[in-house]
Amino acid sequence: MFKRKKEAVIFTDRVHSIKGIISLCMGLVSGISFIVLAYVSSLSQGNGSMLLGFAGMALFFLSLVGFYLGINSCKEKEIYYTAPVAGVLINGVFIIVYFTLYIIGISL
C-alpha cells in the first residue's frame, strides 16, 4: 500500500556548549550595545561624554572575552558547533570594529 519512510533514529551524545552559547550572547549584547552607543553619540553630535568612551572600551573587552570563550568551546568534543562559531564570528567582527574606532579616536 503506502510506503512509510524509514524512521531515522540517531543516537548521539552531542550537546550544546554552554561556553558557546555564552559567547554568542556576549556577541549579541556587544552588537546591540554598539548600535545604542552609536545612536546616543549621534544625538550628542559626536561630542559624547567620557562615559560613552568607557562603555565602548568595556564592550571591547566584552567582545574579547566572548571571542576567547568561543574559541575554547570550539575545542570541546561532541558538541554542536553552531553557537560557538557564530559567537567567534560576531565577537571577532566587533573586536575589529572597536579597535578601529579606538585607533581613529587616538589619531584625531
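Each value in this text was obtained by applying a stated rule to the coordinates, not by laboratory testing. Just so it is clear, the model here is predicted, and its values are computed rather than measured. Positions of Cβ are generated from backbone atoms using ideal geometry, with glycine treated the same way; all protein chains shown enter the neighbour counts.
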Tell me the residue from Phe34, Phe54, Phe11, Phe61 that is assigned to a loop (DSSP other than H, G, I, E, B), among the hydrophobic types (A, V, I, L, M, F, W, C) and more than 9 Å from the chain's Cα centre (by Cα), please. Phe11
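Yes or no, residue by residue, for (1) touching a residue at least 24 places away in the same chain (Cβ under 8 Å); (2) not charged (D, E, K, R):
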| position | (1), (2) |
| --- | --- |
| Asn47 | no, yes |
| Ala58 | no, yes |
| Leu62 | yes, yes |
| Glu76 | yes, no |
| Asn91 | yes, yes |
| Phe94 | yes, yes |
| Ile106 | no, yes |
So which residues in segment 80-100 are surrounded by fewer than 16 Cβ atoms within 10 Å (Cβ to Cβ) and within 19 Å of Phe60 (Cα to Cα), if there are any at all? Leu89, Val93, Ile96, Phe99, Thr100
Name the residues in segment 31-79 that are charged (D, E, K, R) and buried (at least 17 other Cβ atoms within 10 Å of the Cβ), would you? none
